1. For chain A, what does the equivalent ellipsoid look like in terms of its semi-axes, each the square root of 5 times an eigenvalue of the Cα gyration tensor, given largest first in whole Å?
2. State, to one decimal in nm, how far the label point of B:GLN56 lies from the label point of B:SER30, with both points 7 Å from Cα in the Cβ direction.
3. Along Cα→Cβ, 7 Å out, is where each label goes; now give me the distance between the ones at B:LEU84 and A:SER84 in nm to one decimal.
4. Using alpha carbons only, what's the Rg to Rh ratio of the protein assembly as shown with Rh from Kirkwood?
5. Please compute the Kirkwood hydrodynamic radius over region B:3-114, one decimal place, Å, based on all pairs of different Cα atoms.
6. Would you work out the charge dipole size for the protein assembly as shown about its Cα centre, treating the Cβ of every Lys and Arg as +1 and the Cβ of every Asp and Glu as -1, and quote it to the nearest 20 debye?
7. Going by C-beta contacts inside 10 Å, put A:PHE104, B:PHE35, A:PHE74 in order with the fewest on the left.
8. Just checking the output field for A:81-90: average partner chain Cβ neighbours within 10 Å of each residue's Cβ?
Amino acid sequence: SQTIHQWPATLVQPVGSPLSLECTVEGTSNPNLYWYRQAAGRGLQLLFYSVGIGQISSEVPQNLSASRPQDRQFILSSKKLLLSDSGFYLCAWRGLAGGRGQFFGPGTRLTVL
Amino acid sequence: AQTVTQSQPEMSVQEAETVTLSCTYDTSESDYYLFWYKQPPSRQMILVIRQEAYKQQNATENRFSVNFQKAAKSFSLKISDSQLGDAAMYFCAYRSGFYNNDMRFGAGTRLTVKP
């Protein structure tokens with residue numbers, strides 16, 4: 001069966017510091033991978049998606065970037081965090097059977113102080 | 001652009017009773033998929049049920065069923081025999097086409113289950 005991992009689970013960072021959140025998927029190959037952000041009490045906003053190694057599509061221009069160095073690894077980064085980057089970050093994957101929907105990881109709660 | 005609207009920020013239901021959560025969407029596409037996700041306090045997003053727009057039959061998963069009204073662009077979720085574990089945020093989501101990567105989410109409905 002497929003599983004998706006994210007770490008860290010929680011993170012507190014000062015403004016201006018760098019960020020690296022990692023997401024890995026097990027039990028599948030060549031998944032589509034997604035990064036979402038969820039602000040407090042809000043829905044999900046798609047940040048980036050990737051259909052293959054090295055292929056990144058950005059949905060929202062911002063302070064963040066994403067990379068996919070391996071087939072089942074997706075990384076969300078920032079060189080300098082802003083207060084507005086605080087939120088809950090969710091990674092998701094989708095297989096070839098696209099109609100089945102996306103499956104989400106446990107998420108990372110990021111607080112920027 | 002496609003939008004998803006959940007008009008009920010909060011709902012409550014008595015344990016063992018039935019509750020319906022509303023969702024409407026706006027699209028000009030004919031091929032699309034609709035989903036309901038549950039987000040419990042742990043904040044893990046869990047897929048509850050999905051519906052393909054080309055299917056007229058409403059999807060059902062155990063105690064969860066949908067009322068899909070394509071002409072009205074409505075996609076409500078019915079939870080029967082509500083349980084305490086059903087308490088969560090519920091998000092309606094839309095995606096056009098089989099290969100599209102842009103899934104749009106509603107703002108969510110917080111469901112409280114009273115014992």
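Each value in this text was obtained by applying a stated rule to the coordinates, not by laboratory testing. The structure displayed is predicted, hence computed values, not measured ones. Neighbour counts run over all protein chains shown; Cβ positions are idealised from the backbone, glycine included.
1. Details: eigenvalues 107, 39, 33 Å².
After scaling each eigenvalue by five and taking roots: 23, 14, 13 Å.
2. 1.6 nm
3. It works out to 4.2 nm between the two label points.
4. The Rg/Rh ratio comes out at 0.97.
5. Values: mean 1/r = 0.0712 Å⁻¹.
Hydrodynamic radius (Kirkwood, Cα pairs) of region B:3-114 is 14.0 Å.
6. I would put it at about 220 debye.
7. A:PHE104, B:PHE35, A:PHE74
8. 1
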